[in-house]
Amino acid sequence: MADVNTTANYEFRNNLELQLQQTQSALWDTCEEQDCTGAEKETVKDLIGSARPQEADERYGDLKQTSPGHDRVWIVKPNELYFNEFVDGSDQLATKIALDGGYTMAAMATIHRAWDSRILEGIYGPMLMGKEGATSTPFPGGNVIPATTGGAAGAQRHNLAKTRAAKLFLDQNFNDPSDKRYMALSAIQRDDLLSEVQATHADYAKAFGVRLDGEGNLIGILGFNIVPIELRNPDLLAFQKGLTVSGAGYTRNPFWTRSGIRKGVWKKLRTAIKDQPSKVDVRSVFAGTTVAATRTQAGKVGIIENSEA
């Protein structure tokens, strides 16, 4: 049970203030969604490949089969991620603050980070493919823009050259220009871009599609919507699993189209605040979520490796 002595006999406008942390999901609205209730495994998309046209090169010739090829993408029900905390009545009496209300706030912040972690797992992880979903396809190495991009030698911090390479990657893979594009950048990478003259100078800003909000925060460039998220946040399960940072220590900043990521929702949110009959004057605060995500096609998602040295 959490130690509440630091809150006892103190009042902050009759409410608790959470310690600084990510409290809202950054990624939930950046991808497609489907309801997966009632199934352990769901088909995400059936894919039909490209085909070259056959040429009618003889009179009365036989028809030839075009054979575009077919594939299927799957998503599998994950374990539930949850928050659970107990509120002891004696602790509640020792403070003017409603502890169960504070824990509810902490629970929702935890769930929002859980959503982002599951989406990041889908971005970085393997795709389940094939007729029965038995083929695991890892993230393609060719979809990674190396840390050395944009510099004469050695690993580079995030720069405009890497952003241009990401745009080129999506364009060359025939992505629909109307399909919204996103790039997840931490504060360091956003600041790195703002340090480049091409990204901020008035003479370049229009040509590079630079968009800033009223507080001077970078929200768009080269057709990408910038998603602010700290990928090295230790509270993100995706960081704990080593997905957001490479073995060489580079931040792995993903970019994608909206249709390139599909999240499956078994239970977006399950909550309960209830008395514990086997305990003396104790209530529990619970929140859980069962969500997973996957890439839908290889050419719709990429990663930029960035040094932060």
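The values are calculated or read from the model by the stated rules, or taken from the named source; none is laboratory data. Please read all numbers here as calculations on a predicted model, not as lab measurements. Glycine gets a Cβ as well: all are built from the backbone with ideal geometry, and neighbour counts include every protein chain shown. Accessible surface is based on the protein model in full, side chains and every heavy atom, while ligands, DNA and RNA are left aside. Shrake-Rupley method; radii C 1.70, N 1.55, O 1.52, S 1.80 Å.
Express in nm, to one decimal, how much length is gained between ARG59 and ALA298 on full extension, taking 0.36 nm for each residue of separation and deducting their alpha carbon distance.
Extending this stretch completely gives an extra 82.0 nm.
Only Lys, Arg, Asp and Glu count, each charged at its Cβ (+1, +1, -1, -1), so figure out the dipole size of region 169-277 about its Cα centre, rounded to 20 debye.
760 debye
For the pair GLU132/LYS41, report the inter-label distance in nm, with labels modelled 7 Å from Cα in the Cβ direction.
0.7 nm
Would you mind getting me the FRET efficiency between ASN173 and SER284? Use the beta-carbon distance for r and R0 = 35 Å, nearest 0.05.
0.15
Scan around LEU231 for amide H atoms under 5 Å from its own, H built in the peptide plane at 1.01 Å from N, and keep only partners 5 or more places away or cross-chain.
Answer set, sorted by chain and number: SER186.
Could you state the accessible area per residue of region 179-221 in Å², with a 1.4 Å probe and every protein chain left in place?
Spelled out: the 1.4 Å probe surface of region 179-221, per residue, equals 54 Å².
For the pairs LYS77/LYS131; LYS162/LYS300; LYS45/LYS77; LYS162/LYS206; LYS77/LYS162, flag any whose C-alpha to C-alpha distance is greater than 23 Å.
LYS77/LYS162
Could you pull out which residues in region 156-198 have an amide N less than 18 Å from a spot 7 Å beyond the Cα of VAL245, following the Cα-Cβ vector?
Only 156-158, 185-190 fall inside the zone, counting backbone N under 18 Å.
If the chain between THR148 and ALA207 were fully stretched, how many nm would it gain, using 0.36 nm times the residue separation less the Cα-Cα distance?
Contour length minus Cα-Cα distance gives 18.8 nm.
To the nearest 20 debye, what is the magnitude of the charge dipole of region 133-226 about its Cα centre, counting +1 on the Cβ of each Lys and Arg and -1 on the Cβ of each Asp and Glu? Intermediate results must be reported in sequence, preceding the final value.
Working: 9 positive and 9 negative charges, 29 e Å.
Using Cβ point charges on Lys, Arg, Asp and Glu, region 133-226 gives about 140 debye.
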